[in-house]
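Only one structure is covered here, and it is reproduced in the block below.
The values are calculated or read from the model by the stated rules, or taken from the named source; none is laboratory data. Because the structure is a prediction, the values reported are computed rather than measured. Backbone-built Cβ (ideal geometry, glycine too); neighbour counts: all protein chains shown.
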């Protein structure tokens, strides 16, 4: 239907868009392009233009009246989709060009932050469920080494599985785990008693406390302690309604929100 595709984003400053190269469009096919934009101001009434060739004829399609705000709470599912595609592309780079610390660390960071299944985040997923293991624990280090070996495999069943997974991640359009799929086919981790992905944040249950994976123990972010169901607790929710989905996890929650760390205790 359309070949040699090119998408002109106009004034939109895009980065890390996937798929990296647009493929030809066939009848009945749908293409989903996911990426990030980094404009410093709101863009309104923007036009995107898709061009290509239908046989020998050049074709052009305009998509008008599009808004790209600097900040928006809508479509919160998109970051997880973008992260899965980014990780799929990074895993492909590791298999084709070898591992570097920067690429490996980004895979680990994205996999942990967005609850994604990768060879490097086996310390999170064991037999389809979350393992209550610290990233710095010896067991996690052993799993990381095993993950490095799996990511580098060039032949055999392991390499085929890796190739299948990375390709699925590169074209992923799903944000929830499919219980019908085999654990080896999973892209995103299932929500379990020890793992919950809520409102675009991943939480791990550590000794009864739901901890936001955005939490960096070495950061100097200010921390506020609030007692569960206290007057201060309900005032906090009234003042910051965006916290409600995270606080609904239970009586003990640690969440990073707008540069602050909120620690809910019994």
| query | If you take just the helices (runs of 4 or more DSSP H) that sit entirely in the stretch 154-249, which of them hold at least 2 residues that are under 25 Å from residue 92 (Cα atoms) and modelled with pLDDT under 65? | reply | 157-170
| query | Can you tell me which residues in the stretch 27-51 are free of Cβ contacts under 8 Å to residues at least 60 places away in the same chain, part of a loop (DSSP other than H, G, I, E, B) and surrounded by 10 or more Cβ atoms within 10 Å (Cβ to Cβ)? | reply | 29, 31, 33, 38, 39, 42
| query | Would a scan of the stretch 13-20 turn up a residue that is touching a helix residue (DSSP H, G or I) at 6+ places or on another chain (Cβ under 9 Å), modelled with pLDDT under 95, surrounded by 14 or more Cβ atoms within 10 Å (Cβ to Cβ) and not in a strand (DSSP E or B)? | reply | yes
